[in-house]
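To start, the structure under review is shown below, and the notes come after it.
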Amino acid sequence: MSNVVVAKFGGSSLADSKQFIKVKEIIASNNRRNYIIPSAPGKRHSKDHKITDLLYMCQQLASHGLNFDEIYNLVQKRFEDICVELNLNLDISSLLKEIRKKIQEGASKDYAASRGEYLNAIILSNYLDMKFIDAAGLIVFDEKGFLDSKATDKNVKTKLREISHGIIPGFYGSMPNGEIKVFSRGGSDITGAIIAQAINAEIYENWTDVSGFLMADPKIVKNPKPIEKITYKELRELSYMGAPVLHEEAIFPVRKAGIPINIKNTNNPEDTGTLIINDLEPVTHLGTITGIAGKKDFTVISIEKTLMGAEKGFFRKLMSVLETNNVAIEHMPSSIDSISLIIANFELNSKLDRIIEEIRIYCNPDSIICYPNMALIAVVGRGMINTKGISAKIFTALANKGVNIRMISQGSSELNIIVGIENVDFEKAITAIYEAF
Ligand code: ASP
């Protein structure tokens, strides 16, 4: 492992010149931050616009032959203001003019969207006096638009062997024909992870506007404690339930390479943030939990049939009904003569009646009952592995608050306990579990 740090700065961290100043101080405070991955300027306040959104709008208008000057002028002003306020000797206006012309002439959606990162990286490289390394020459996608990990890894290794310090724009790369291709939204996180993995960085810092993850949603629990350390596996369990701070695809490259991610706050750099660590690290705090997350709006389809377990093909038939209706299942707790399918409401929309009918026809059950309005809560923590009393604590806390539990499921890795409750009890249940720990 090298002792190099890869630092990615999100859109809010680089939203205006004041944020650029903070970023410069952060980079200067550790001389191992060799590679910096900037996003495009994000929102400066809640009513502001992200540059990426504006660029997508410009391209859309242009593709309909409509005038996009009004929107593009906002983009232009944002970048010009940053350069003026930072006193940069950089002709950003010419670059902006070129990009405007390309969009006018029918440039692709991905090209337009990627220019926020491109320009921000050029500005940052000028401001920090570090080399600009275009991501189009590093990150490569195949003809189908999927990331070509092997070729990308090779490119990054070769190029960065020659350049020891640099600014690499996030979010985009190029296709074999040279066209620009972007990741899904929030994809600069992925670029940072790819670079960190390729150079075997000591740590991948992800700078944003929060001091890492909190143990529970602050909209529900008052001042929840921050999570100082979390394993990759725990994070997966929590982020699939709650709002992700990090693009979920950004986890895989660094996780595989065993590189920790540190989520840090550009506005409060001295806060420890959250460190995402290797799944195999020894557990030091048995009996505790790491975090609680949850989601509302699931439906339970509960199916009963005597001796269903002994009937060959029963589960296959049941699954094929869901598959042909293109519905994904969240959980599937079962008992000897019954099985429940827990499905997110958005998956079902208007398909529920048809699915029930098809289950009746194919599986011939004794009964089918549906419960709408269910919420799921995941209590996650490596500290619960081999520890007695965790579930007792959870269930006691819920019982004391009068919350009825509809479903319980614990993964065999003993990393999480999932409870299903009524939507109306959601906030009460999360608060009760948080307080219990
Ligand atoms: N600027 C892109 C977006 O808004 C990518 C990113 O910020 O990570 O989605």
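The values are calculated or read from the model by the stated rules, or taken from the named source; none is laboratory data. What you see is a predicted model, and the numbers here were worked out from it, not measured in a lab. All Cβ positions, glycine included, derive from the backbone under ideal geometry; neighbour counts span all protein chains shown. For the accessible areas, the whole protein counts, side chains as well, though only heavy atoms, and no ligand, DNA or RNA atoms are used. Shrake-Rupley method; radii C 1.70, N 1.55, O 1.52, S 1.80 Å.
Using a Gaussian network for the chain with springs between C-alpha atoms less than 10 Å apart, which of these wobbles most: Lys233, Lys256, Lys264?
Most flexible of the set in this elastic network: Lys256.
With only alpha-carbon atoms in the gyration tensor, what are the semi-axes of the equivalent ellipsoid for the stretch 300-382, in Å, largest first? Each step should come with its number before you reach the end.
Working: eigenvalues 87, 57, 27 Å².
The answer is 21, 17, 12 Å, longest axis first.
Given a Förster distance of 60 angstrom, what is the FRET efficiency for Lys102 paired with Lys312, based on the Cβ-Cβ distance and rounded to 0.05?
Efficiency, rounded to the nearest 0.05: 0.45.
Roughly speaking, what is the centre-to-centre gap between the stretch 316-340 and the stretch 141-158 when only Cα atoms are used, to the nearest Å?
Using only Cα atoms to place each centre, the spacing works out to 38 Å.
How fast does the stretch 1-149 diffuse by Stokes-Einstein, in µm²/s, taking the Kirkwood radius from C-alpha pairs at 10 °C and 1.306 mPa s?
Values: Rh = 16.3 Å.
Estimated diffusion coefficient is 97 µm²/s.
Take the alpha carbon atoms of the stretch 189-220, find their center, do the same for the stretch 1-56, and report the distance between the two centers in whole angstrom.
13 Å
Expressed in nm to one decimal, what extension gain is obtained for the pair Glu435 and Lys144 from 0.36 nm per residue of sequence separation less their Cα-Cα distance?
Values: separation 291, 0.36 × 291 = 104.76 nm, distance 4.90 nm.
Fully extending the segment from Glu435 to Lys144 adds 99.9 nm.
If I fit a long axis through the Cα atoms of helix 51-63 and take the longest principal axis of the Cα atoms of the chain, what angle between them do I get, 0 to 90°, rounded to 10?
It is inclined by approximately 80 degrees.
Plugging the Kirkwood radius over Cα pairs into Stokes-Einstein for the chain, at a temperature of 4 °C and a viscosity of 1.567 mPa s, what D comes out in µm²/s? Numbers along the way, then the final one.
Values: Rh = 24.2 Å.
After rounding, the answer is 54 µm²/s.
Could you let me know the centre-to-centre spacing of the stretch 89-123 and the stretch 382-437, using Cα atoms, in angstrom?
With the stretch 89-123 and the stretch 382-437 each reduced to a Cα centre, they are spaced 50 Å.
log₁₀ I(q)/I(0) of the stretch 186-236 at q = 0.21 Å⁻¹, via Debye over equal Cα point scatterers, no solvent, to two decimals?
Taking Cα atoms of the stretch 186-236 as identical point scatterers yields -0.94.
With a ≥ b ≥ c the root eigenvalues of the C-alpha gyration tensor of the stretch 192-331, is it rounded (a/c under 1.5), prolate (a/b larger than b/c) or oblate? Please report the intermediate quantities before stating the final value.
On the way: a/c = 2.42, a/b = 1.87, b/c = 1.30.
Because a/c hits 1.5 or more and a/b exceeds b/c, the stretch 192-331 counts as prolate.
Grab the other residues whose beta carbon is less than 13 angstrom from that of Gly402, score K and R as +1, D and E as -1, and report the net.
Values: positive: Lys401, Lys428; negative: Glu422, Asp425.
Every neighbour counted, the sum reads 0.
Note down the magnitude of the dipole of the chain about its Cα centre, charges +1 on Lys and Arg C-beta and -1 on Asp and Glu C-beta and zero elsewhere, to the nearest 20 debye.
On the way: 51 positive and 52 negative charges, 84 e Å.
Computed about the Cα centre, the dipole is about 400 debye.
Given the options Leu235, Leu61, Leu14, which has the most mean-square fluctuation in a GNM of the chain, springs set between C-alpha atoms less than 10 angstrom apart?
Looking only at Leu235, Leu61, Leu14, the biggest GNM fluctuation is shown by Leu61.
Helix 314-324 against the longest principal axis of the chain: what's the angle in degrees, Cα atoms only, rounded to the nearest 10?
40 degrees
With a 1.4 Å probe and all protein chains left in place, how much accessible area per residue does the stretch 117-230 have, in Å²? Can you show the working numbers first?
Details: 5110 Å² over 114 residues.
Each residue of the stretch 117-230 exposes 45 Å² on average to a 1.4 Å probe.
Using helices alone, what [θ] at 222 nm do you get for the chain, with -39,500 (n - 2.57) per DSSP H run of 4 or more residues, divided over all residues and rounded to the nearest 500? Can you show the working numbers first?
Values: 14 runs with 164 residues, N = 437.
So the calculated ellipticity at 222 nm is -11500 deg cm²/dmol.
Determine the share of the chain's accessible area contributed by carbon and sulfur atoms, expressed in whole percent, with a 1.4 angstrom probe. Kindly include the intermediate steps, with their values, before the conclusion.
Working: 10460 of 20870 Å².
Carbon and sulfur atoms account for 50 percent of the accessible area of the chain.
Once the other residues with Cβ under 15 Å from the Cβ of Glu85 are scored (Lys, Arg +1; Asp, Glu -1), what is the net sum?
Details: positive: Lys18, Lys22, Lys24, Arg44, Lys77, Arg78; negative: Asp16, Glu80, Asp81.
In short, +3.
Given 5 Å bins starting at zero, what is the percent of C-alpha pairs of the stretch 99-174 in each, up to the one with the largest pair distance?
3, 15, 22, 21, 20, 12, 6, 1
Take the alpha carbon atoms of the stretch 326-437, find their radius of gyration, then divide it by 2.2 N^0.38 Å using N residues; give the quotient. Before the final figure, lay out each step's value.
Values: Rg = 15.9 Å, N = 112, 2.2 N^0.38 = 13.2 Å.
Compared with the compact-globule rule of thumb, the stretch 326-437 sits at 1.21.
Based on the mean of other beta carbon atoms within 10 Å per residue, what is the order of 129-142, 334-347, most packed first? Before the final figure, lay out the partial values.
Values: 129-142: 18.8, 334-347: 16.9.
Highest-to-lowest ranking by the protection proxy: 129-142, 334-347.
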